[in-house]
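Here's the structure we're looking at; comments come further down.
The values are calculated or read from the model by the stated rules, or taken from the named source; none is laboratory data. Just so it is clear, the structure is predicted and the values come from calculations on it, not from any experiment. Quick reminder, even Gly has a Cβ in these numbers, built from the backbone with ideal geometry, and neighbours come from all protein chains shown.
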Amino acid sequence: MDIGKVLNDSLEYAKDAVWEKWARWLLLIVSSIIFPLILGYELEVYRGKKPAPDPTDWAKLFIDGIKLFVIQLIYAIPTLIVLFLTIGAGVLAVRTPAQATAMWGTFTVGIIVTLVIAFITGLFAAMGSVRFARTGRMGEAFNFSAITGRIGKIGWGSYIFALIVVFLVAGIIAFILSAIPYIGWLLMFIVAPALTIFIARYITLVYDSVPVAASPPTSPPAA
C-alpha cells in the first residue's frame, strides 16, 4: 500500500467534493450540525462512490447516520468503561488536596490505558464501519473474524501505520486551523465536512487496498 498515493487521492477527493461546489459544501456544513446526516454521507464515501456524491436522499442519510452512530457508540463502550473506572472513579474519591496529589499517578495510568483501548477498538471500528456500508447489515460491523481477516490481508503493521498517518495529518490540520486567533473555531466549522470526507475516503482506500484474488482459469470443454 502506497501511503503517499492514498493520502494524495484522499486529499484530492475531499477537495473535489466541496471546492467550487458551494451549495454542496453549505449542505454538508448543515449536515455536520445535524450529525446523523454527515455520518450517513460518510457511509456513501465508504461505499466507494467516486466522485463524491451529492447529498440528496436526506431520509436515507439520516437513518444510515443513526445506524453508524449506534455502531460507533457500541465500539466506544470499552473506552468509556475504562475511562470511568480509572479516572472518573478517582475524581469522585478525591476529598482532600493530599488525595488529589496522590491520584495523579492513577490518572496518568488511566489516560494511557484509555488511549490504548480507544486505539485498539478504533482499528476494528474503522473496518467495521466500511463493512456495514458495503453490506448494509449492522451485524457485519462486529464480524470480528471477517474484520481481522481483512486487516490481516492488508497487513497489521501497514494498517496501524496507515491509521496513525491519517489521524496525525487530520490532527495537524485541525490544530493549525483552530490556533488561528478569533476565527479558528469558524474555520474548523467550515472545513469539518471536508476533513470528514478526507478521512472517510482514506479509510475506504485502505480497506480496498487488499488485492482482488484472480479467478482460477476455466478448463477448456472436453473434446
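Name the residue that is farthest from ARG131 (Cα to Cα), counting only residues in region 206-223 that are modelled with pLDDT of 90 or more and touching a helix residue (DSSP H, G or I) at 6+ places or on another chain (Cβ under 7 Å). Talk me through it step by step, then tell me what you get.
At the first step, the residues of region 206-223 found to be modelled with pLDDT of 90 or more are 206-208.
Add one more test, that the residue is touching a helix residue (DSSP H, G or I) at 6+ places or on another chain (Cβ under 7 Å), and what stays is 206-207.
Values: VAL206: 13, TYR207: 9 Å.
Checked region 206-223; the qualifying residue farthest from ARG131 (Cα to Cα) is VAL206.
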Subject >> Subset tally (residues that are modelled with pLDDT of 90 or more, over 18 Å from ARG131 (Cα atoms) and of a type in the set (A, V, I, L, M)) for region 47-62 >> reply: 1
Original post:
Restricting the search to region 10-47, which residues are within 17 Å of the chain's Cα centre (by Cα) and of a type in the set (Asp, Glu)?
Top reply: GLU42, GLU44
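Working carefully through the options ILE197, ILE203, ILE160, find the one that is over 24 Å from PRO51 (Cβ atoms) and either in a helix (DSSP H, G or I) or touching a helix residue (DSSP H, G or I) at 6+ places or on another chain (Cβ under 7 Å) (or both).
Details: ILE197 fails: over 24 Å from PRO51 (Cβ atoms); ILE203 fails: over 24 Å from PRO51 (Cβ atoms).
The unique qualifying residue is ILE160.
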Original post:
Using beta carbons and a limit of 7 Å, which pairs, at least six apart or on different chains, have the first residue in region 121-145 and more than 16 Å from ASP64 (Cα to Cα) and the second one part of a helix (DSSP H, G or I) and of a type in the set (Lys, Arg)?
Top reply: MET127/ARG150; ASN143/ARG131
Original post:
Going through region 158-203 one residue at a time, which ones are in contact (Cβ under 8 Å) with a residue 40 or more places away in the chain, over 21 Å from LEU43 (Cα atoms) and polar (S, T, N, Q)?
Top reply: SER158
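Matching residues to (1) closer than 21 Å to VAL6 by Cβ; (2) surrounded by fewer than 18 Cβ atoms within 10 Å (Cβ to Cβ); (3) touching a Gly at 6+ places or on another chain (Cβ under 8 Å); (4) not charged (D, E, K, R):
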position: SER158; (1), (2), (3), (4): yes, yes, no, yes
position: PHE167; (1), (2), (3), (4): yes, yes, no, yes
position: ILE183; (1), (2), (3), (4): no, yes, no, yes
position: PRO193; (1), (2), (3), (4): yes, no, no, yes
position: ILE197; (1), (2), (3), (4): yes, no, no, yes
position: TYR207; (1), (2), (3), (4): yes, no, no, yes
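Of all residues in region 14-71, which are of a type in the set (Phe, Trp, Tyr) and either over 20 Å from ILE190 (Cα atoms) or surrounded by fewer than 21 Cβ atoms within 10 Å (Cβ to Cβ) (or both)? If you could, list the steps in order and put the result at the bottom.
To start, the set of residues in region 14-71 that are of a type in the set (Phe, Trp, Tyr) comprises 19, 22, 25, 35, 41, 46, 58, 62, 69.
If the condition is that a residue be of a type in the set (Phe, Trp, Tyr) and either over 20 Å from ILE190 (Cα atoms) or surrounded by fewer than 21 Cβ atoms within 10 Å (Cβ to Cβ) (or both), then TRP19, TRP22, TRP25, PHE35, TYR46, TRP58, PHE62, PHE69 are the ones that fit.
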Subject >> Sole residue being assigned to a helix (DSSP H, G or I), more than 17 Å from the chain's Cα centre (by Cα) and surrounded by 13 or more Cβ atoms within 10 Å (Cβ to Cβ), chosen from GLY139, GLY152, GLY110 >> reply: GLY110
Original post:
Within region 8-57, can you find the residues that are in a helix (DSSP H, G or I), β-branched (Val, Ile, Thr) and touching a helix residue (DSSP H, G or I) at 6+ places or on another chain (Cβ under 8 Å)?
Top reply: VAL18, ILE29, VAL30, ILE38, VAL45
